[in-house]
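The values are calculated or read from the model by the stated rules, or taken from the named source; none is laboratory data. Since the model is a prediction, treat every value here as computed from it, not as a measurement. Here the Cβ positions follow ideal geometry from the backbone for every residue, glycine too, while neighbour counts run over all protein chains shown.
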Amino acid sequence: MAHTYSISDLAKEFDLTTRAMRFYEDMGLLRPERTGTAGRNRVYSGRDRTRLKLTLRAKRLGLSLVEAKDIIDMYDSPRDTAVQLEKFLLVLAQHQQQLEAQMKDLQANLDELKVHQREAKALLTKSQPPKDKP
(Lines give C-alpha, C1' and ligand atoms only; values in the text may rest on other atoms or scores of the structure.)
Protein backbone atom coordinates (compact mmCIF):
# COMPACT_ATOMS: atom_id res chain seq x y z
CA MET A 1 0.00 0.00 0.00
CA ALA A 2 1.26 3.48 -0.90
CA HIS A 3 2.22 5.81 1.90
CA THR A 4 -0.33 8.54 2.65
CA TYR A 5 -0.18 11.73 4.68
CA SER A 6 -2.63 13.82 6.65
CA ILE A 7 -2.80 17.58 6.24
CA SER A 8 -1.02 18.01 9.57
CA ASP A 9 1.73 15.55 8.54
CA LEU A 10 2.64 17.58 5.46
CA ALA A 11 2.11 20.93 7.15
CA LYS A 12 4.55 19.92 9.89
CA GLU A 13 7.10 18.40 7.48
CA PHE A 14 7.21 21.52 5.29
CA ASP A 15 6.67 24.05 8.10
CA LEU A 16 3.38 25.30 6.69
CA THR A 17 0.02 26.10 8.17
CA THR A 18 -2.94 23.89 7.36
CA ARG A 19 -4.50 27.04 5.94
CA ALA A 20 -1.64 27.31 3.41
CA MET A 21 -2.15 23.65 2.53
CA ARG A 22 -5.84 24.26 1.88
CA PHE A 23 -4.94 27.30 -0.24
CA TYR A 24 -2.60 25.18 -2.38
CA GLU A 25 -5.45 22.70 -2.76
CA ASP A 26 -7.81 25.51 -3.86
CA MET A 27 -5.19 26.57 -6.44
CA GLY A 28 -5.18 23.02 -7.84
CA LEU A 29 -1.61 22.32 -6.79
CA LEU A 30 -2.67 19.51 -4.45
CA ARG A 31 -5.45 17.02 -4.98
CA PRO A 32 -5.97 15.01 -1.80
CA GLU A 33 -8.47 12.24 -1.56
CA ARG A 34 -11.44 13.07 0.67
CA THR A 35 -12.58 10.58 3.31
CA GLY A 36 -14.77 10.50 6.40
CA THR A 37 -18.04 12.26 7.08
CA ALA A 38 -18.88 14.63 4.21
CA GLY A 39 -15.31 14.24 2.92
CA ARG A 40 -13.88 16.34 5.74
CA ASN A 41 -10.62 14.40 6.04
CA ARG A 42 -7.91 14.96 3.47
CA VAL A 43 -5.58 12.11 2.57
CA TYR A 44 -2.50 13.17 0.64
CA SER A 45 -0.56 10.79 -1.58
CA GLY A 46 3.14 10.62 -2.29
CA ARG A 47 2.33 12.47 -5.51
CA ASP A 48 0.76 15.31 -3.50
CA ARG A 49 3.84 15.43 -1.28
CA THR A 50 6.09 15.72 -4.35
CA ARG A 51 3.86 18.41 -5.86
CA LEU A 52 4.03 20.35 -2.58
CA LYS A 53 7.81 20.06 -2.51
CA LEU A 54 8.02 21.31 -6.12
CA THR A 55 5.59 24.15 -5.36
CA LEU A 56 7.71 25.37 -2.46
CA ARG A 57 10.87 25.10 -4.57
CA ALA A 58 9.20 27.16 -7.32
CA LYS A 59 8.18 29.81 -4.77
CA ARG A 60 11.79 30.05 -3.56
CA LEU A 61 12.82 30.64 -7.18
CA GLY A 62 10.34 33.51 -7.37
CA LEU A 63 7.69 31.86 -9.53
CA SER A 64 4.05 32.66 -8.97
CA LEU A 65 1.77 29.83 -7.87
CA VAL A 66 0.10 29.89 -11.30
CA GLU A 67 3.48 29.50 -13.02
CA ALA A 68 4.43 26.74 -10.57
CA LYS A 69 1.16 24.93 -11.28
CA ASP A 70 1.63 25.20 -15.05
CA ILE A 71 5.09 23.69 -14.86
CA ILE A 72 4.17 20.99 -12.34
CA ASP A 73 1.07 20.06 -14.35
CA MET A 74 3.24 19.59 -17.44
CA TYR A 75 5.02 16.76 -15.67
CA ASP A 76 1.69 15.05 -15.04
CA SER A 77 0.83 15.09 -18.71
CA PRO A 78 2.14 12.58 -21.26
CA ARG A 79 3.72 15.33 -23.35
CA ASP A 80 7.25 15.43 -24.69
CA THR A 81 9.83 16.14 -21.99
CA ALA A 82 11.71 18.55 -24.28
CA VAL A 83 8.67 20.84 -24.48
CA GLN A 84 8.36 20.80 -20.69
CA LEU A 85 12.04 21.62 -20.20
CA GLU A 86 11.90 24.42 -22.77
CA LYS A 87 8.93 25.98 -20.95
CA PHE A 88 10.74 25.63 -17.62
CA LEU A 89 13.88 27.25 -19.02
CA LEU A 90 11.83 30.11 -20.49
CA VAL A 91 10.14 30.80 -17.15
CA LEU A 92 13.49 30.66 -15.33
CA ALA A 93 15.06 33.05 -17.86
CA GLN A 94 12.22 35.53 -17.36
CA HIS A 95 12.67 35.41 -13.60
CA GLN A 96 16.41 35.77 -13.94
CA GLN A 97 15.88 38.97 -15.96
CA GLN A 98 13.49 40.30 -13.30
CA LEU A 99 15.92 39.52 -10.49
CA GLU A 100 18.84 41.09 -12.35
CA ALA A 101 16.79 44.26 -12.95
CA GLN A 102 15.86 44.35 -9.25
CA MET A 103 19.52 43.90 -8.29
CA LYS A 104 20.49 46.77 -10.60
CA ASP A 105 17.84 49.01 -9.00
CA LEU A 106 18.95 48.01 -5.51
CA GLN A 107 22.59 48.72 -6.34
CA ALA A 108 21.63 52.17 -7.68
CA ASN A 109 19.69 52.88 -4.47
CA LEU A 110 22.59 51.69 -2.35
CA ASP A 111 25.04 53.87 -4.29
CA GLU A 112 22.76 56.90 -3.82
CA LEU A 113 22.43 56.16 -0.11
CA LYS A 114 26.23 56.08 0.24
CA VAL A 115 26.52 59.48 -1.48
CA HIS A 116 24.01 60.98 0.98
CA GLN A 117 25.86 59.42 3.92
CA ARG A 118 29.16 60.97 2.78
CA GLU A 119 27.51 64.37 2.28
CA ALA A 120 25.82 64.25 5.70
CA LYS A 121 29.08 63.26 7.41
CA ALA A 122 30.93 66.11 5.67
CA LEU A 123 28.27 68.64 6.74
CA LEU A 124 28.36 67.29 10.29
CA THR A 125 32.14 67.66 10.41
CA LYS A 126 31.92 71.27 9.14
CA SER A 127 29.22 72.18 11.66
CA GLN A 128 31.12 70.96 14.71
CA PRO A 129 33.42 73.46 16.44
CA PRO A 130 37.12 72.57 16.39
CA LYS A 131 38.34 70.75 19.47
CA ASP A 132 40.84 72.59 21.65
CA LYS A 133 44.22 70.97 22.00
CA PRO A 134 45.64 70.78 25.55
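A few notes on this one:
- Of the helices (runs of 4 or more DSSP H) that lie entirely inside the range 35-134, not one contains 2 or more residues that are in contact with a Pro (Cβ under 8 Å, 6 or more places away or on another chain), of a type in the set (S, T, N, Q) and closer than 18 Å to Arg22 by Cα.
- Answer from Arg118, Arg40, Arg60 - the residue that is surrounded by fewer than 11 Cβ atoms within 10 Å (Cβ to Cβ) and within 15 Å of the chain's Cα centre (by Cα): Arg60
- Against the test of being surrounded by fewer than 18 Cβ atoms within 10 Å (Cβ to Cβ), hydroxyl-bearing (Ser, Thr, Tyr) and not assigned by TED's automatic domain parsing to the domain that holds Glu86, the options Thr55, Thr18 yield a single qualifying residue, Thr18.
- Odd one out for His3, checked against (1) at pLDDT below 95; (2) assigned to a helix (DSSP H, G or I): (2)
- From the options Gln98, Gln107, Gln102, Gln94, residue that is of a type outside the set (A, V, I, L, M, F, W, C), surrounded by 12 or more Cβ atoms within 10 Å (Cβ to Cβ) and over 30 Å from Asp9 (Cα atoms): Gln94
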